[in-house]
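Participant: Quick one: the structure is below, questions incoming.
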Amino acid sequence: MAVLAAHNLRKFYGGAEVVAGVSFGIQAGECFGLLGPNGAGKTTTLRLCLGLTDPDGGSVELMKRPVPGEARPARARVGVVPQMDNLDPDFTVSENLLVYGRYFGLSERAIRARIPQLLDFAGLTARAASQIQTLSGGMKRRLTLARALINDPDLIFMDEPTTGLDPQARHLIWERLKQLLAGGKTIVLTTHFMEEAERLCARLAIMDRGRFITEGSPRELILRHIEPHVIEAHGDGVMDWTDHEARKLASRLEKSGDTVFCYAADPTPLLASLANRGELRYLHRPANLEDVFLKLTGRELRD
Amino acid sequence: MWRKLAIPSILGNLADPLIYVLGLGYGLGSMLPEVGGVPYIAFLAAGMVCSSTMNSATFESMYSAFSRMHVQRTWDAIMNAPIDLDDVVLAELAWAASKSVLSGVAILAVVWMLGLSGSVLSLWVIALLPLIGLTFGALALAVTAMARSYDFFMYYFTLLITPMNLLCGVFFPVEQLPAAFQAIAAFLPLTHAVAIARPLLLGQIPSDAVLHLLVLLAYAAAGFYAATVLFRRRLLK
Ligand SMILES: Nc1ncnc2c1ncn2[C@@H]1O[C@H](COP(=O)(O)OP(=O)(O)OP(=O)(O)O)[C@@H](O)[C@H]1O
Ligand SMILES: [Mg+2]
């Protein structure tokens with residue numbers, strides 16, 4: 001069953017087409033990942049899906065309701081973890097949950113009954129009475145996640161849920177998201193962490209300049225877009241080696257700073273050549289999603 | 001929703017106008033003859049009730065609303081729930097009006113305690129306060145919708161709130177002003193609030209009450225409409 005369907009969505013900001021004809025469907029129970037460089041249009045796409053801004057073209061159906069027309073009842077079944085934390089600093093941890101539940105029209109009793117379980121899920125039971133300012137970034141993010149679950153949503157939008165977190169905090173969030181998926185929730189996730197996308201998402205889209213440039217499972221994307229082997233070489237003389245040897249042996253080369261990335265179906269000749277160049281250091285690894293991402297969106301900075 | 005914040009700020013709101021009532025009322029009042037047949041401090045009372053209600057509603061709709069909308073992003077969080085922007089704006093207005101009513105009632109209580117108004121008619125002022133709060137709350141929300149930073153609010157205070165406090169009969173009768181200023185004052189909403197509150201506090205039936213009420217209502221409606229349009233343009237684009 002489709003819980004979200006977007007058809008040919010378009011959004012202009014000051015003449016720039018920020019979302020340029022995006023279509024996708026999300027099935028109940030799946031985790032869909034949206035990757036893309038800064039400014040690709042990910043957040044704008046999510047806002048369009050939630051009915052928080054009107055599209056300049058196309059249509060959205062969220063929880064079987066047309067958006068923005070019936071966005072309000074549709075949002076009653078949806079949870080949102082925004083890109084920027086917006087917890088209410090005037091309230092404590094558990095008051096934040098209570099107040100947020102009231103926005104969904106839940107009774108105070110029903111919310112209070114739910115709070116202990118949400119605090120436990122977020123690992124914040126001991127901080128129930130803390131002021132928001134006293135929480136670490138990771139705690140705030142977990143509380144924001146708990147807050148998004150206050151209405152027991154079927155679908156959860158998460159805009160970069162782990163940006164700015166340390167590895168421990170990130171792993172904890174991933175654990176929680178897997179728990180949610182195991183519990184039958186549907187998740188739409190944007191992220192800049194390829195590892196996050198590979199671990200959590202059964203299906204991904206890479207977005208750039210307002211368009212989906214590719215879509216599929218992490219494995220499919222790697223198979224479809226990139227050679228299976230990568231050799232990263234650096235050290236004095238790497239450019240000389242690149243120009244005289246690697247260029248002939250690799251099927252594709254990319255330079256980034258003083259490192260050369262060699263992509264190849266068969267790494268043996270490259271490795272043999274490197275064996276004769278003691279001054280170069282190198283790393284041989286299987287291709288991953290990040291290689292796909294960089295190939296499709298380029299290495300230069302955005303924004 | 002935001003009840004936790006109410007008590008400290010009411011105490012804060014109360015101190016300022018009280019200093020005016022007591023300081024100006026007794027200090028200046030001792031040097032002045034009666035104004036319109038009543039002691040100056042009794043004259044001033046209605047002005048202070050209206051002006052502090054206006055100030056409180058304005059302050060709440062500007063600084064507090066701006067902080068929740070722009071700085072803390074609380075509005076964004078609320079709009080992810082099944083609540084629309086217009087509802088949030090209406091809730092902010094209701095909040096600002098409620099708080100301003102509390103400020104107004106607090107001044108009113110002092111006025112009664114000082115024996116400056118003994119008339120039963122003065123109870124009607126309590127019914128007027130919500131309208132004053134809605135009017136100035138709505139106007140200030142429209143300003144907030146255009147504000148890029150807190151600095152912007154200074155213009156509104158300097159260009160509108162302060163002149164209103166001076167021109168609209170708070171400290172002296174509008175009739176004392178040159179004709180041109182009287183004409184301006186007639187268009188300003190605070191004039192109409194004071195024109196209803198003052199007779200009530202002095203135990204008289206206000207003349208042209210319906211007209212004054214309609215002017216306040218018109219400002220409230222126009223302010224709220226402008227606020228919703230401007231906020232939508234700002235936040236839902
Ligand atoms: N309200 C707005 N008004 C004007 N321009 C906007 C607005 N929102 C987004 N944009 C522009 O639209 C483009 C896409 O923004 P968006 O936030 O959707 O990108 P993103 O993919 O979420 O980026 P990031 O990874 O940095 O969060 C950017 O160029 C941004 O400046
Ligand atoms: Mg974003």
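Participant: Which peptide among A:88-96, A:19-27, B:194-202, A:186-194 comes first, and what is the full order, when sorted by highest mean count of other Cβ atoms within 10 Å? Present the calculation step by step, with values, prior to reporting the outcome.
Facilitator: Values: A:88-96: 19.8, A:19-27: 18.2, B:194-202: 24.3, A:186-194: 21.7.
Per-residue Cβ counts within 10 Å, averaged per peptide and sorted highest first, yield B:194-202, A:186-194, A:88-96, A:19-27.
Participant: Follow-up. When chain B is modelled as a GNM with alpha-carbon springs shorter than 10 Å, which of B:Gly29, B:Gly223, B:Gly115 fluctuates the most?
Facilitator: B:Gly115
Participant: For the residue pair A:Leu283 and B:Val120, what label-to-label distance in nm results when each label sits 7 Å from Cα along the Cα-to-beta-carbon direction?
Facilitator: The modelled label-to-label distance comes out at 8.7 nm.
Participant: May I pose another question? Determine the calculated [θ] at 222 nm for the protein assembly as shown from helices alone, applying -39500 (n - 2.57) to every DSSP H run no shorter than 4 residues and normalising by the residue count; nearest 500 deg cm²/dmol.
Facilitator: Working: 21 runs with 258 residues, N = 540.
When only DSSP H runs of four or more count, the value is -15000 deg cm²/dmol.
Participant: Just to be sure I understand the model, the point goes 7 Å from the Cα along the line to the Cβ. What's the resulting A:His192 to B:Arg148 distance in nm?
Facilitator: Roughly 2.6 nm, to one decimal.
Participant: Using 0.36 nm per residue of separation minus the Cα-Cα distance, give me the extension gain between B:Leu22 and B:Arg232 in nm, one decimal.
Facilitator: Numbers: separation 210, 0.36 × 210 = 75.60 nm, distance 4.34 nm.
Length gained between B:Leu22 and B:Arg232: 71.3 nm.
Participant: Another one. Could you compute Rg(Cα) / (2.2 N^0.38 Å) for the protein assembly as shown, with N its residue count?
Facilitator: 1.30
Participant: On to the next question. Please list 3J(HN,Hα) in residue order for the range A:78-85, calculated via the Karplus relation 6.51 cos²θ - 1.76 cosθ + 1.60 where θ = phi - 60°; whole Hz, with x for glycine and proline.
Facilitator: Karplus values, whole Hz, x for Gly and Pro: 10, x, 9, 10, x, 4, 9, 4.
Participant: Return the whole-Å distance between the Cα centroid of the range B:123-169 and the Cα centroid of the range B:189-217.
Facilitator: Value for the Cα centre distance between the two parts: 17 Å.
Participant: How far, in degrees from 0 to 90, does helix B:209-235 lean away from the longest principal axis of the Cα atoms of chain B, to the nearest 10?
Facilitator: So the inclination is approximately 20 degrees.
Participant: Where in chain A are the DSSP H helices whose alpha-carbon span along the long axis reaches 18 Å or more and whose Kyte-Doolittle mean is at least 0.5?
Facilitator: none
Participant: If I model a spin label as a point 7 Å beyond the Cα along the Cα-Cβ vector, how far apart are those points for A:Thr259 and A:Gln117 in nm?
Facilitator: Computed distance between label sites A:Thr259 and A:Gln117 equals 4.5 nm.
Participant: Suppose every K and R has +1 on its Cβ and every D and E has -1 on its Cβ; what is the size of the dipole of the range A:161-278 about the Cα centre, in Debye to the nearest 20?
Facilitator: On the way: 15 positive and 17 negative charges, 124 e Å.
Rounded to the nearest 20 debye, it is 600 debye.
Participant: Sticking with this structure for a sec: In chain A, if the dipole is taken from +1 on Lys/Arg beta carbons and -1 on Asp/Glu beta carbons about the Cα centre, which of A:Ile26, A:Gly237, A:Leu283 is farthest to the positive end?
Facilitator: Among A:Ile26, A:Gly237, A:Leu283, the one farthest towards the positive end of the dipole of chain A is A:Ile26.
Participant: Could you tell me the largest-minus-smallest coordinate of the C-alpha atoms of chain B on each of the three principal axes, in descending order and whole angstroms?
Facilitator: Between the extreme Cα coordinates on each principal axis of chain B lie 58, 39, 31 Å.
Participant: Work through the residues other than A:Ser59 whose Cβ is under 14 Å from its Cβ and net out their charges, Lys, Arg +1 and Asp, Glu -1. Write down the numbers at each step before the final one.
Facilitator: Details: positive: A:Arg10, A:Lys11, A:Lys64, A:Arg65; negative: A:Asp54, A:Asp56, A:Glu61, A:Glu70.
Within the 14 Å Cβ shell, the charges total 0.
Participant: Given H placed 1.01 Å from N in the peptide plane, which residues other than close sequence neighbours of B:Val35 have an amide H under 5 Å from its amide H?
Facilitator: Here the answer is B:Tyr40, since their amide H atoms fall under 5 Å of that of B:Val35.
Participant: On to the next question. Which one of A:Val81, A:Leu46, A:Leu97 is farthest out on the positive end of the charge dipole of the range A:2-223, using unit charges on Cβ (Lys, Arg +1; Asp, Glu -1) and the Cα centre as origin?
Facilitator: A:Leu97
Participant: Ok, one more. Can you run phi through the Karplus equation (6.51, -1.76, 1.60; θ = phi - 60°) for the range B:136-145 and list ³J(HN,Hα) in whole Hz, with x for Gly and Pro?
Facilitator: Running phi through 6.51 cos²θ - 1.76 cosθ + 1.60 with θ = phi - 60° gives 6, x, 5, 4, 5, 4, 4, 5, 4, 5 Hz.
Participant: A further question follows. Quick one: ranking B:Lys237, A:Lys42, A:Lys248, A:Lys185 by accessible area, 1.4 Å probe, largest first, what do you get?
Facilitator: Details: B:Lys237 130, A:Lys42 10, A:Lys248 160, A:Lys185 35 Å².
Of B:Lys237, A:Lys42, A:Lys248, A:Lys185, the descending order of accessible area is A:Lys248, B:Lys237, A:Lys185, A:Lys42.
Participant: Now, a different point. Plugging the Kirkwood radius over Cα pairs into Stokes-Einstein for the range A:177-244, at a temperature of 25 °C and a viscosity of 0.890 mPa s, what D comes out in µm²/s?
Facilitator: 164
Participant: Taking θ = phi - 60°, what integer Hz values does the Karplus form 6.51 cos²θ - 1.76 cosθ + 1.60 yield along the range B:29-46, in sequence order, with x for Gly and Pro?
Facilitator: Calculated HN-Hα couplings, in order: x, 5, 8, 9, x, 5, 10, x, x, 10, x, 4, 5, 6, 5, 5, 3, 4 Hz.
Participant: Need one value for A:81-88: mean number of C-beta atoms belonging to other chains within 10 Å of its residues' C-beta atoms.
Facilitator: Values: counts 1, 4, 1, 3, 3, 9, 4, 8.
Across A:81-88, the average partner-chain Cβ count within 10 Å equals 4.
Participant: Still on this structure, I have one more. With every protein chain kept in the model, how would you rank A:Arg147, A:Arg281, A:Arg112 by accessible area, 1.4 Å probe, largest at the top? Please report the intermediate quantities before stating the final value.
Facilitator: On the way: A:Arg147 5, A:Arg281 155, A:Arg112 130 Å².
Largest to smallest exposure gives the sequence A:Arg281, A:Arg112, A:Arg147.
Participant: Then there is this: Could you size up the charge dipole of the protein assembly as shown around its Cα centre, putting +1 on the beta carbon of Lys and Arg and -1 on that of Asp and Glu, and report it in debye to the nearest 20?
Facilitator: Numbers: 49 positive and 49 negative charges, 176 e Å.
It comes to approximately 840 debye.
Participant: Counting DSSP beta bridges with both partners in chain A, what percentage is antiparallel, nearest 5?
Facilitator: Values: 39 of 57 bridges.
Restricted to chain A, the bridges split so that about 70 percent are antiparallel.
Participant: Under 5 Å between amide H atoms, partner at least 5 residues away or on a different chain: which partners does A:Thr214 have, H built in plane at 1.01 Å?
Facilitator: Excluding prolines and chain starts, which carry no amide H, the hits are A:Ile206.
Participant: Related question: Over all residues in B:81-91, what is the mean tally of Cβ atoms on other chains that come within 10 Å of each residue's Cβ?
Facilitator: Values: counts 15, 12, 6, 6, 1, 0, 2, 1, 0, 0, 0.
Per residue, the number of nearby Cβ atoms from other chains is 4 on average.
Participant: What's the percent breakdown of Cα-Cα distances in chain A across 10 Å bins, shortest bin first?
Facilitator: With a bin width of 10 Å, the distribution comes to 6, 24, 28, 21, 13, 7, 2, 0.
Participant: Other chains near A:41-52: what is the mean number of their Cβ atoms within 10 Å of each residue's Cβ? Numbers along the way, then the final one.
Facilitator: Numbers: counts 0, 0, 0, 0, 0, 0, 4, 0, 0, 2, 3, 7.
Mean number of neighbouring Cβ atoms from other chains: 1.
Participant: Using a 10 Å cut-off on Cβ atoms, rank the peptides A:222-233, A:130-141, B:70-81 from the highest mean neighbour count down. Walk me through the numbers before you get to the answer.
Facilitator: Values: A:222-233: 17.9, A:130-141: 15.9, B:70-81: 20.3.
Put in order of decreasing packing, that is B:70-81, A:222-233, A:130-141.
Participant: If you don't mind, there's one more thing I want to ask. Expressed as a rounded percentage, what relative contact order does chain A have, with Cα pairs under 8 Å and six or more residues apart? Don't skip to the end; give the middle numbers.
Facilitator: Values: 562 pairs, mean separation 60.3, N = 303.
Rounded, it is 20 percent for chain A.
Participant: Add +1 for every Lys or Arg and -1 for every Asp or Glu among the other residues with Cβ under 9 Å from the Cβ of A:Leu155, and state the total. Numbers along the way, then the final one.
Facilitator: Values: positive: A:Arg77, A:Lys185; negative: A:Asp154.
Net charge in that neighbourhood comes out at +1.
Participant: Under 5 Å between amide H atoms, partner at least 5 residues away or on a different chain: which partners does A:Val18 have, H built in plane at 1.01 Å?
Facilitator: Result for A:Val18 returns A:Lys11, A:Phe12, A:Tyr13.
The values are calculated or read from the model by the stated rules, or taken from the named source; none is laboratory data. Computed from a predicted model, the values in this text were never measured in an experiment. Because the Cβ atoms are built from the backbone with ideal geometry, glycine has one as well, and the counts that use them run over all protein chains shown. Just the protein is used for accessible areas: all its heavy atoms, side chains included, with ligands, DNA and RNA removed. Shrake-Rupley method; radii C 1.70, N 1.55, O 1.52, S 1.80 Å.
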